[in-house]
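Structure first, commentary second.
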Amino acid sequence: MLRDIPLRGNEEIELYIRTYYSLLRSTSDIRVRSLEETHSAMNSSLHVGADSATPDISAFVYGVMRLPQCMTQVKLVLMGQSDEVFARRGYPDVEKWQAVTTHSRRRKMFFDGTSTLAAFIASVSDIDDLIPMLTAYQIEWNKLHGRLMGTRTLERIQAHVYGERSMEPDDVGHVATTLGISSDDFVKLQAAWGPALWANLFHVGREPKDMAIRLLAGSLTDYRRATDGWWYTISRDVKRYLQGDLFDRPVYFVSSNTHSLVNLLGGYALAIEAELVAYLEENNPENLWHHYQRIKAGQSRDRLEDLLYYTLSRYLRHGDETVRAGKLAAMHQYHKERGLYHVENPLYLDVAAQVIKFDSLCPECFDPRVRVDGLEELANSQAVIFNVDYPLGMAAYQIFSQAATNLGELQGVYFMGKAATLNGQVGDVMIPNVVYDEHSRNTFLFRNCFIAADIAPYLTQGSVFDNQKAVTVRGTFLQNKDFVGIFYQEGYTDIEMEAGPYLSGVYEDIYPKRYPVNEIVNLFINAPYDIGVIHYASDTPYSRRQTLLSKSLSYFGVDASYAASIAILRRILGLEVATMEARKVRA
């Protein structure tokens with residue numbers, strides 16, 4: 001087992017981690033430049049060009065997509081677990097700063113409008129995620145700065161930004177040449193920055209990046225307080241909705257996202273299909289109008305339902321703030337009337353939750369793919385599905401521990417999320433029954449309640465691989481070729497960030513002690529409920545053809561995520577129907 005194997009390449013990664021954690025103990029600001037040497041030395045698989053003079057645009061774009069657009073102005077990043085922590089450290093009312101978001105990472109962040117970013121962190125995984133990302137961003141920014149500073153190209157960009165001239169195709173080529181990047185890399189940068197591309201490049205050329213970081217509080221108690229606040233907000237709202245306590249109901253715990261389960265059970269996208277089609281025809285995002293026409297003409301294997309679900313997500317983000325809020329409120333009200341209750345949590349963890357009441361569901365609204373025999377029995381069920389928007393890394397352990405303590409009797413736990421695959425393609429689905437967790441150094445063995453046949457009938461594009469071995473890593477940057485290679489040699493093909501912490505929480509829900517360290521943990525024995533883990537591939541680190549750095553899942557990712565969600569719902573609905581039928585027989 002891996003616990004007996006020294007992991008090659010791990011020494012440099014461990015040195016980097018020790019470096020930033022030791023520096024973060026300081027009461028003063030930590031300059032990001034002090035981390036650049038150890039960051040480059042670990043030879044991260046996501047930042048292979050860190051030590052090269054040539055810009056690594058893939059790594060830079062990865063950071064751009066997971067940091068807010070205001071990063072061009074940011075000089076200081078504050079990290080804290082809650083608004084109380086920020087207030088205690090001299091930053092009251094940060095929640096009144098400008099709320100900022102990112103394209104590909106959920107994290108509560110607020111910008112003061114000048115140079116300071118407040119980032120809410122839920123666990124040590126947020127530190128392991130943020131610091132390498134900020135370091136990579138600064139390294140690559142300064143490479144681009146060095147190539148643009150004082151050049152005629154920067155003067156051209158300035159003239160365009162000031163409205164004195166337009167950028168011609170030849171000018172764009174000159175910019176790419178000056179930056180020393182390919183036309184494909186320039187397209188990546190353009191897609192990441194969008195309309196702000198030229199203003200941001202002008203900013204890059206004018207000044208180098210010299211950011212600082214300050215950790216306001218880093219104790220385990222602070223993380224627990226934040227999780228307590230998260231749970232308090234959710235339980236208070238849910239209690240009003242249920243007119244009772246979650247502790248009194250049987251519960252199926254799901255970690256997935258906030259769209260797939262409610263779309264499959266609520267039918268809102270199908271109910272407003274005419275509006276969605278009109279939106280597609282007028283705006284045609286990602287050329288989806290063409291996809292719709294091909295599906296309607298029978299020229300595509302894609303499911304109309306999946307297209308409408310994805311279109312709904314784009315439709316809800318279209319328009320000004322008032323319009324978007326109105327659309328969202330209408331959808332939440334529709335769902336609430338059909339037993340699907342959504343809880344947002346604005347000031348603690350950026351992990352929304354949903355409570356789905358079986359006895360209030362409308363089976364006629366279900367997606368045809370999740371309809372199982374006996375759905376009429378659900379009207380007699382007191383059970384609920386408690387679904388959380390999958391958290392990052394160790395936040396999964398904290399959230400599950402909090403939920404398991406306060407929820408009613410668990411009937412099953414199901415974890416669905418993104419992963420990198422070492423032998424498949426983007427869009428494939430992996431079903432592991434072995435998980436090695438870098439946090440605890442445990443190898444978890446468990447009976448996954450899902451097999452390939454549960455998902456394959458609903459997957460149009462990719463393939464399904466069951467009986468896989470997964471490794472839970474500490475961060476996306478905290479891997480290198482040697483480190484990943486040893487896992488591949490040992491048959492680990494699935495790299496992700498949540499399964500290990502979740503299984504540590506499951507262990508503590510089963511056994512009367514804290515999860516162990518550096519052991520082989522057998523969850524086959526004594527597990528009183530279903531355990532289901534499904535990952536869909538968003539990255540292929542051993543392939544340079546198609547990776548998360550160069551291709552957003554976008555509509556392409558709907559196929560795998562909905563196939564996995566369908567399998568989870570069919571499993572849960574089938575179990576609950578069987579429970580109701582057995583109760584009827586006993587009566």
Discussion item. Looking only at region 115-153, filter to residues that are out of contact with any Lys or Arg (no Cβ under 8 Å at 6 or more places or on another chain) and of a type in the set (D, E, K, R); which one of those is farthest from H47 (Cα to Cα)?
Written reply: R152
Item to complete: Within region 380-399, identify whether any single residue is assigned to a helix (DSSP H, G or I), in contact (Cβ under 8 Å) with a residue 12 or more places away in the chain, closer than 25 Å to E496 by Cα and small (G, A, S), and answer yes or no.
Response: yes
Worksheet item: Which ones in region 314-352 are within 27 Å of Y223 (Cβ to Cβ) and modelled with pLDDT of 90 or more?
Response: Y341, H342, V343, V351, A352
Worksheet item: Quick check: is even one residue across region 346-354 touching a helix residue (DSSP H, G or I) at 6+ places or on another chain (Cβ under 6 Å), more than 22 Å from K108 (Cα to Cα) and buried (at least 19 other Cβ atoms within 10 Å of the Cβ)?
Response: no
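Restricting to region 76-93, what's the tally of residues that are within 24 Å of the chain's Cα centre (by Cα) and farther than 25 Å from E207 by Cα?
4
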Worksheet item: Got a number for residues in region 275-297 being surrounded by 15 or more Cβ atoms within 10 Å (Cβ to Cβ) and part of a loop (DSSP other than H, G, I, E, B)?
Response: 0
Practice prompt. Quick one: count up the residues across region 397-409 that are surrounded by fewer than 19 Cβ atoms within 10 Å (Cβ to Cβ) and in contact with a strand residue (DSSP E or B) (Cβ under 8 Å, 6 or more places away or on another chain).
Written response: 3
Response to the item:
Subset of region 490-529, residues in a loop (DSSP other than H, G, I, E, B) and among the polar types (S, T, N, Q), comes to T493, N518, N526
Worksheet item: Any chance region 82-91 includes a residue that's over 24 Å from D350 (Cβ atoms), polar (S, T, N, Q) and at pLDDT below 95?
Response: no
Item to complete: Looking for whichever is touching a residue at least 40 places away in the same chain (Cβ under 8 Å) and out of contact with any helix residue (DSSP H, G or I) (no Cβ under 6 Å at 6 or more places or on another chain) here; the options are M65, M133, M71. Which one fits?
Response: M71
Response to the item:
Checked region 230-274 for anything assigned to a helix (DSSP H, G or I), crowded, with 22+ Cβ neighbours inside 10 Å, in contact with a strand residue (DSSP E or B) (Cβ under 6 Å, 6 or more places away or on another chain) and not β-branched (V, I, T); matches are L261, G266
Worksheet, complete the sentence: Looking across region 92-105 at residues that are closer than 18 Å to A226 by Cβ and in a helix (DSSP H, G or I), the single one that is modelled with the lowest pLDDT is E95
Practice prompt. Just one of (1) under 23 Å from E95 (Cα atoms); (2) of a type in the set (D, E, K, R); (3) surrounded by 19 or more Cβ atoms within 10 Å (Cβ to Cβ) trips up D367, so point out which.
Written response: (1)
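Restricting region 32-43 to residues that are farther than 9 Å from Y16 by Cβ and of a type outside the set (A, V, I, L, M, F, W, C), which is surrounded by the fewest Cβ atoms within 10 Å (Cβ to Cβ)?
Ranking the candidates gives E37 first.
Residue-by-condition table, conditions (1) charged (D, E, K, R); (2) assigned by TED's automatic domain parsing to the domain that holds G557; (3) assigned to a helix (DSSP H, G or I):
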{"position": "Q299", "(1), (2), (3)": "no, no, no"}
{"position": "E305", "(1), (2), (3)": "yes, no, yes"}
{"position": "L308", "(1), (2), (3)": "no, no, yes"}
{"position": "R324", "(1), (2), (3)": "yes, yes, yes"}
{"position": "M331", "(1), (2), (3)": "no, yes, yes"}
Worksheet entry | Lone unmet requirement of (1) in a helix (DSSP H, G or I); (2) closer than 27 Å to H439 by Cβ for V77 | (1)
Discussion item. Quick check on region 106-129. Is at least one of its residues in a loop (DSSP other than H, G, I, E, B) and of a type in the set (D, E)?
Written reply: yes
Response to the item:
A careful count of residues in region 561-587 that are in a helix (DSSP H, G or I), of a type in the set (A, V, I, L, M, F, W, C) and out of contact with any Ser or Thr (no Cβ under 9 Å at 6 or more places or on another chain) gives 7
Discussion item. Can you pull out every residue in region 386-436 that is under 19 Å from the mean Cα position of the chain (by Cα) and small (G, A, S)?
Written reply: G393, A395, A396, G417, A419, A420, G427
Fill in: Condition met for P208 (touching a helix residue (DSSP H, G or I) at 6+ places or on another chain (Cβ under 9 Å) and under 18 Å from I157 (Cβ atoms))
yes
Worksheet entry | Single condition P208 does not satisfy, out of (1) in contact with a Gly (Cβ under 9 Å, 6 or more places away or on another chain); (2) outside any helix (DSSP H, G or I); (3) crowded, with 19+ Cβ neighbours inside 10 Å | (3)
Worksheet item: Among L261, L242, L220, which is aliphatic (A, V, I, L, M), on the phi < 0 side of the Ramachandran plot and free of Cβ contacts under 8 Å to residues at least 60 places away in the same chain?
Response: L220
Discussion item. Condition check: closer than 27 Å to E498 by Cβ, surrounded by fewer than 19 Cβ atoms within 10 Å (Cβ to Cβ) and assigned by TED's automatic domain parsing to the domain that holds V533. Does T227 satisfy that?
Written reply: no
Worksheet item: Is there any pair linking a residue in region 490-509 that is in contact (Cβ under 8 Å) with a residue 40 or more places away in the chain to one that is of a type in the set (D, E) and in a helix (DSSP H, G or I), with Cβ under 9 Å and at least six apart or on different chains, and which?
Response: M497/D129
Worksheet item: Restricting attention to region 400-415, and to residues there that are among the small types (G, A, S) and not in a helix (DSSP H, G or I), which single residue is nearest to L220 (Cα to Cα)?
Response: G408
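The values are calculated or read from the model by the stated rules, or taken from the named source; none is laboratory data. Just so it is clear, the structure is predicted and the values come from calculations on it, not from any experiment. Glycine gets a Cβ as well: all are built from the backbone with ideal geometry, and neighbour counts include every protein chain shown.
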